[in-house]
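Notes follow the structure.
The values are calculated or read from the model by the stated rules, or taken from the named source; none is laboratory data. Nothing here was measured: the structure is a model prediction, and the numbers come from that model. Cβ coordinates were reconstructed from backbone atoms using ideal geometry, including for glycine residues, and neighbour counts include every protein chain displayed. Surface areas here come from the heavy atoms of the whole protein model, side chains and all, with no ligands, DNA or RNA. Shrake-Rupley method; radii C 1.70, N 1.55, O 1.52, S 1.80 Å.
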Amino acid sequence: MTEERKVQVSFYSRQSKYAVTDAPILVPTKLKRFGLSEIINHLLGLDDPIPFDFIINGKFLRVSLDNYLNAHSLSTENTLKIEFVELSLPPSESSTIIQDDWISSVKIQKSNTHILTGSFDSYVRIWTQSGSLLTSTADGDSPIKCVEWLNDETVVAGNLQREIYVYDLDGESLNLSYTCIGHEGGIESIANSPNKDHFATASWDKTIRLWSHLEDGEAVNVAKKSKKKQKTNFQTVKNHKICLEGHSGAVSSIKFDPHDANTLYSGSWDHSVRVWDLNEELNTTTMNCEKVIGCMGYLPESKVIMTGHVDGSIRLWDPRTKGNPHLI
Amino acid sequence: MGKRKNLKEVEEEEFPEIDINEEFDEGDIESEDEATGDEKEYKDVDDQVEDLDTEVDSQASDIYEDFEEKRVRVLRRKQLPEIDPVYDSDTSDEELHNTVGNIPMEWYNDYPHIGYDVNGNKIMRPAQGDDLDKFLSTMDDKNAWRSVYDKLEGKNIVLNKEELEMLKRIQQHQFPETMYDPYEPTVEWFSGNTEVMPLSGAHEPKRRFIPSKLEASKIMKIAKAIRAGLIVPGKKKTADKPKFYDIWSNTGEENTLKNHIPAPKLKLPEHNESYNPPSEYLLTKGEEKEWEEMDPEDRPHNFLPKKHSTLRHVGAYKRFIQERFERCLDLYLCPRTIKQKLDIDPESLIPKLPSPKDLKPFPTKLSITYKGHSAKVRSFSLDPTGQWIVSCGDDKTVRIWEIATGRNLKTVKVDEIPMAAAWSPSKSVSLIAVATGEKVILLNPGLASQEVTETTEQVIATAWENVKNTGAVKWEKPTAAEISNGHSIHIVLPKAVTSIAWHRRGDYFATVSPDANSAAVQIHQISKGSTQNPFKKSKGLVQKVIFHPTKPFLFVATQRSVKVYNLVKQELVKKLMPGCKWISSIDIHPAGDNLIIGTYDKRIHWFDMDLSAKPYKTLRYHKEAVRQVAYHKRYPLFASSSDDGSVLLFHGMVYNDLMQNPLIVPLKTLSAHERVESLGALDCQWHPIQPWIFSSGADNTIKMFV
C-alpha cells in the first residue's frame, strides 16, 4: 500500500467576498477541481454550494493535482498557491438575428440592452434583445460602416460616403437629428466621449474629427446633385469642432480613454497607434509596428491598447512605455 | 733489261701477296731457332733453290737475293746491338742535317739553299728536275712507290719494309709496334694482402680504431623512431605483398577497352513474366480490354501475363526477332557518354542571397477573398488611394470592391466581355478605363469625395468640348441610363481592345488592339478629347504598352521584343530582346531603369536598361505560362502570376548606386488560385501603399494576400 500523497496548498481569491485564510492546508493530490471546490465551500461554510474554478500560475487547473505536479515536475514539499474564482460557463447562443446584408457594426445600449446594427445595405437597425426589429432607417444610399450609441436615446452612424448621421431614438422610431459634414473619406470608426458631450469619428481621409453633441447645428440645403430630382432637402448640419491631422494612412479605429475624456487613441493603416491630447489638439505619442491596424480596443483596467491586424495577428501596446508592441 | 723487267714483274706480283703473318711466322721461327736453325734453314732454302734451278735460273737467284736481304734486315732489327750508355751514345740527331726546325719550307723557295747544318753551313737544295724528269725517274726507280719526299731534306726517302708495315698497321688502327702487348699482366702493387715489407710505411689512420660517427647517427635515428613508436621492434609487417598475383583476376570487359561504356542492362524479368505467374498477376477481363485499347506505347507491359501448367506449353514468342532487333537498334543508336561528375560542393554554386526572413515585409497569408464574379476574372486594377478595386469578369460585369472589407460595392454590366480595366493614376480625378470589345468606357465609380467628383465632372466636360472625332476612333456620349451607371465617355476603336495603360498624370492612356495592324497602339488624351496613333507602320503583334514613370517614353511589347519609343522626339530609343517566344506582360520599375517581362514560355525576364538589351536575369520558377508581372510602387517587391495558379513574390532591390546590380531574391510562392480549364492566376497587382498583393484567377475570385 502506497501512502496517499499530500501537498500543502494555500488558497486566495481576488474576489473579496470569498476571502479565506491563506494558511496552508494539506490536501490529497488526487483531488481535481471538484474536490478543491468542495474544500473551498467547506472553508467558506456556504449552505448552497458554489462551484469554483482554480488557477495555478495563471492557468486553469484541468487535471488532478497529482498530474499537475508531475507535469510541471513540482515537489509536494512546497506550498502550492492556488487562486480560485467562481466557475462560469462559456457563453451560449440564445438567439440569432438574421439580416439580409452584411453587418458592419454592432453596438449594445447600456440601459435597455437594445442592439444597434449598421449594415452594408445602408440601413441602421435597432433590435430588441429577443431578436425582433425595433426600428430601422436609411438616409444615405451608401453602406453604413460604423454605428455608436451616444447615449440611450441617441445613435450615430457613419457611412462609406463620408456622411455621419445622428438619430434620436424616439420610442420605436429613429429620427434624424442632424448630419455631420466635413470628412473627405469613408467613416471608419466612431467613438463616444466618456462624458457624452462629444464624439469622434475616424475616416479614410486620414483625419480624426471631433463633433460636439450638445451644440446646435445649422440648417443647410444638402440637395444631392447626382439625383435626377433636384429636390431641396433641409437638414441640420454640424461642422467638426476639432480636426486631428497626423496620420499618413486611413484611420481605421479610435477609442476614448474611459477615465479621461481628454485622451483619444487611434489606430491607422499607416501602421501606427497614436495618442491624442484633445485639449491641446496634439498627438502626444506615436507608436509604430509593421502591419496595418484594422481594429483597436482599450483595456481601462490594465491601460493596454490591443490592435487587430489584417494578417490575423493581435498586438498589445502600452502607451506609457511608448515602446514596441507585444505580438501575440 | 729483260732481267730487270722480270724482276720488276716479280716485284709487282710479289707486292700484293706480302703476307705479314707468314713472314713474321717465318721470322718468329727463325728468331726462336736463332742459334740452331740458321744453317738448316739455309740448307732448306738451298734445297728449294736446287729444285727450282733447272727451271728458272736467273729469276730464282733474284728472288733469293731479295729474300736474303729481307731476312738479314729482319734479323738486324731483332738483334739490336746493346746500347752502351756513354756520352755520344745517342746518335739519333746526327741523321738530321737541316737545323731550320719545323717551319714552312716554302720560305726557302727563293733561295738556293734549304737550311743550315749543325755547323751553320748552308745546305744547298738538291738538284731537282722538271715534272718530266720526275715522271721519268718515277718510272725508272723501282722504289718510287715507297719513297716519300722529305721537305726538310729536299729529297726522297725510301721507306723500308718495316716502316711500310708500320704505316699499314696505323691505317688498320692497330698499334704501330708489332711487339707492343697492350694486355700485359698488371703488377698488383697495392693489394689487400698484408705484406711483410709494404710499399708504404705510413701508420694506420686513427679512424680505424674509433667508433664510426655515421653509424652512430644512423643508429640514433632508428632508436628515436623506436622511442617515438614509429618502429615497433619485433612486429611483423602486416601487408605482405603477395608473391604471385592472379593475372586472370581482372579479365572483365571494362578493362579491355579504354573509356568503355557498358550497354545499359535489360530489366530483370518480373513475376508477371513467369510462365506460371501467381494468379494476382493475371489480368482480369476488364484490365485486358483496357490493355488492348491502350496505345502500345502507353502500355505498362508489352505482353499479357498468361498461366501455363508447364514450361513446355509456352508458345513461341511472336515478337522475339522484332524485340531483339529493337534492342540492337537501341544499343546502336543511343548516344552514350560518360557522365563527368564535378567534384564541386553544390552549396557553393548557389549565389549568396539574403534570407527571405530579412526581407520583410512581403505578403504571406491569404487575407480576403473577393467573391462575386460568376466567371473568370481577367483583369483588375486598384485605385491610387488603395481603397477600391475594379475587376473585369468574363460574366460581362465590371465590379468595384472595397479592399478593406471585400464588399462588392458596385456592379456595372457591359455588353461584351471586359478585357481590361485600369484606374486612373491621378488622385484628383476618379475615372476607370474599361476595355470591352472595340469600346473603351471611361467610368466614374462615384466613390470619391465631393471635390474629386467635381474635378472629374469638369474634366469630362472639357473633354466633350474638345472632341472633334476626325479619325477612325470615335468618342461617343453614353446614353442617359449608362450615365446614371457611371459611364462618362465611350471611345470606339476599329478593333477589339485588349489592354489599357495610363500615363502617370492620368490625362493620357494608351490602348492596344493587337489585330489592328498599324493602329494597334492608340493614345487617347482626355483633356483634348482626341486620339492619336503614334505609329504609322505596324510594329508586329503588340501585346502590351506601358508608359515610363518619369520620362516621355512608351514601351511597346510585341510578340518577341520590347521597343522603347521617345514620344517627344518620335524616335526609337531602344529595342530589348528577351529571346522568348511570346511576351505576355510587362511592367516597369517605379524608378524607370528596370523592366520585367513575363512570357508565355514560363519565364520572367528582368532587364536593366542601363546594362544591355539582353535580360539581366531570367527567372524560371513558373510551371506554366506567366500571365502578369507587377512591381510594387514603394517596396522593393515584384510578383508574377501564372497559369499554374500560383503567384510568385520576389524581392527586387534596385540600388541608387549605378555600380551595383539589382538584387533579386525569390521570396514566396502563393498558391493563389485553382486551375480551371488550364488557366490559373490571370492577373496580379500590388496595393499602391501597403505590401499586399492581389491576384485574380480563373476560379472567379480575387484574393488579397497580406
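Between the C-alpha center of the stretch B:186-247 and that of the stretch A:1-75 there is a gap of 95 Å.
Among A:ASP152, A:ASP101, A:ASP47, the largest mean-square fluctuation in a Gaussian network model of chain A (Cα springs under 10 Å) belongs to A:ASP47.
Values of log10 I(q)/I(0) for chain B across q = 0.08, 0.09, 0.10 Å⁻¹ run -0.89, -0.99, -1.06, by the Debye formula with one identical scatterer at each alpha carbon and no solvent. Counting lysine pairs in the stretch B:99-225 that sit 8 or more residues apart in sequence, or on different chains, and whose Cα atoms lie under 19 Å apart gives 9.
Largest accessible area first, the residues B:TYR108, B:TYR631, B:TYR281 order themselves as B:TYR281, B:TYR108, B:TYR631 under a 1.4 Å probe with ligands, DNA and RNA left out. Evaluate E = 1/(1 + (r/R0)^6) for B:MET139 and B:VAL100, where r is the Cβ-Cβ distance and R0 equals 30 Å; express this FRET efficiency to the nearest 0.05. So the FRET efficiency works out to roughly 0.40. Determine the shape class of the stretch B:316-399: with a ≥ b ≥ c the square roots of the Cα gyration tensor eigenvalues, call it rounded for a/c under 1.5, and otherwise prolate if a/b is greater than b/c, oblate otherwise. Because a/c hits 1.5 or more and a/b fails to exceed b/c, the stretch B:316-399 counts as oblate.
When GluC sites (Glu not before Pro) are flagged only if DSSP places them in a loop and at most 15 other Cβ atoms lie within 10 Å, the longest unflagged stretch of chain A comes out as A:5-76.
With 0.36 nm allotted per residue and the present C-alpha distance subtracted, the B:HIS260-B:LEU283 stretch has 4.1 nm of extension available. Take each residue in B:689-695, count the other chain C-beta atoms within 10 Å of its C-beta, and the mean is 3.
Note that the stretch A:6-86, at 4 °C in a medium of 1.567 mPa s, gets a Stokes-Einstein diffusion coefficient of 102 µm²/s from its Kirkwood radius over C-alpha pairs.
In straight-distance terms, cross-link reach from B:LYS318 covers every one of the lysines whose alpha-carbon lies under 18 Å from its own, apart from those fewer than eight places away in the same chain; here that gives B:LYS306, B:LYS307. Pairwise inverse Cα distances across the stretch A:93-245, averaged and inverted, put the Kirkwood hydrodynamic radius at 15.7 Å. Among the DSSP beta bridges whose two residues both lie in chain A, what percent are antiparallel, rounded to the nearest 5? Around 95 percent of the beta bridges assigned by DSSP in chain A are antiparallel ones.
In terms of its C-alpha gyration tensor, the stretch B:358-705 has an oblate overall shape, because the principal axis ratio a/c (a ≥ b ≥ c, square roots of the eigenvalues) is not below 1.5 and a/b does not outweigh b/c. Each of B:GLU290 and B:ARG620 was given a label point 7 Å from its Cα along the Cα-to-Cβ line. The distance between the two points is 3.5 nm. Computed from label points 7 Å out along Cα-Cβ, the spacing between A:LEU176 and B:MET124 is 17.5 nm. Among the GluC sites (Glu not before Pro) found in the stretch B:278-376, those both in a DSSP coil and sparsely packed, with 10 or fewer other Cβ atoms within 10 Å of their Cβ, are B:GLU297. Cβ-Cβ distance of B:GLU674 and B:PHE244, R₀ of 60 Å, FRET efficiency by 1/(1 + (r/R0)^6): the value works out to about 0.25. Surface composition of chain A: carbon and sulfur atoms hold 48% of the protein heavy-atom accessible area at a 1.4 Å probe. Seen from B:PRO363, the other residues with C-beta closer than 13 Å to its C-beta sum to a net charge of +3, counting Lys and Arg as +1 and Asp and Glu as -1.
Quick one: if the Förster radius is 25 Å, what FRET efficiency do A:LYS322 and B:SER355 give, using the C-beta to C-beta distance and rounding to 0.05? Before the final figure, lay out the partial values.
Working: r = 30 Å, r/R0 = 1.21.
Result of the calculation: an efficiency of 0.25.
Nearest 100 Å² is fine: how much accessible area is buried between B and A, summed over both sides, with a 1.4 Å probe?
Approximately 1700 Å², summed over both chains.
State, as an integer percentage, the relative contact order of chain B based on alpha-carbon contacts under 8 Å between residues 6 or more apart. If you can, show how the numbers build up before the last one.
Details: 1139 pairs, mean separation 47.6, N = 706.
Averaging sequence separation for qualifying contacts and normalising by length gives 7 percent for chain B.
Taking the Cα centre of the protein assembly as shown as origin, work out the dipole magnitude from +1 charges on Lys and Arg Cβ and -1 charges on Asp and Glu Cβ, in debye rounded to 20. List each step's numbers first, then the result.
On the way: 128 positive and 152 negative charges, 2831 e Å.
That gives a dipole near 13600 debye.
Largest to smallest in accessible area, the residues B:TRP189, B:TRP464 fall in the order B:TRP189, B:TRP464 (1.4 Å probe, all protein chains included).
Stretching the chain fully between B:LYS206 and B:TYR655 yields a gain of 152.9 nm (0.36 nm per residue, less the alpha carbon separation).
In this model, which of B:LYS544/B:LYS633; B:LYS410/B:LYS551; B:LYS376/B:LYS581 are farther than 29 Å apart at the alpha-carbon? Could the numbers behind the result be given before it?
Numbers: B:LYS544/B:LYS633 19 Å; B:LYS410/B:LYS551 35 Å; B:LYS376/B:LYS581 26 Å.
Beyond 29 Å between Cα atoms: B:LYS410/B:LYS551.
Between B:PHE705, B:TRP107, B:HIS271, the Cα set farthest toward the positive side of the dipole of the protein assembly as shown (charges on each charged residue's Cβ, about the Cα centre) is that of B:PHE705. May I ask which of A:LYS241/A:LYS322; B:LYS563/B:LYS614; B:LYS569/B:LYS614; A:LYS145/A:LYS206; B:LYS602/B:LYS623; A:LYS196/A:LYS241 have a Cα-Cα span longer than 18 Å here? Violating the 18 Å limit, Cα to Cα: A:LYS241/A:LYS322; B:LYS569/B:LYS614. Please compute the modelled spin-label separation between B:ASP610 and A:HIS42, points set 7 Å along Cα→Cβ, answer in nm with one decimal. Simple spin-label model gives 8.4 nm for this pair.
Looking at the square roots a ≥ b ≥ c of the eigenvalues of the Cα gyration tensor of the stretch B:98-171, which shape do they give, rounded for a/c under 1.5, prolate if a/b is larger than b/c, or oblate?
Note, shape of the stretch B:98-171 comes out oblate.
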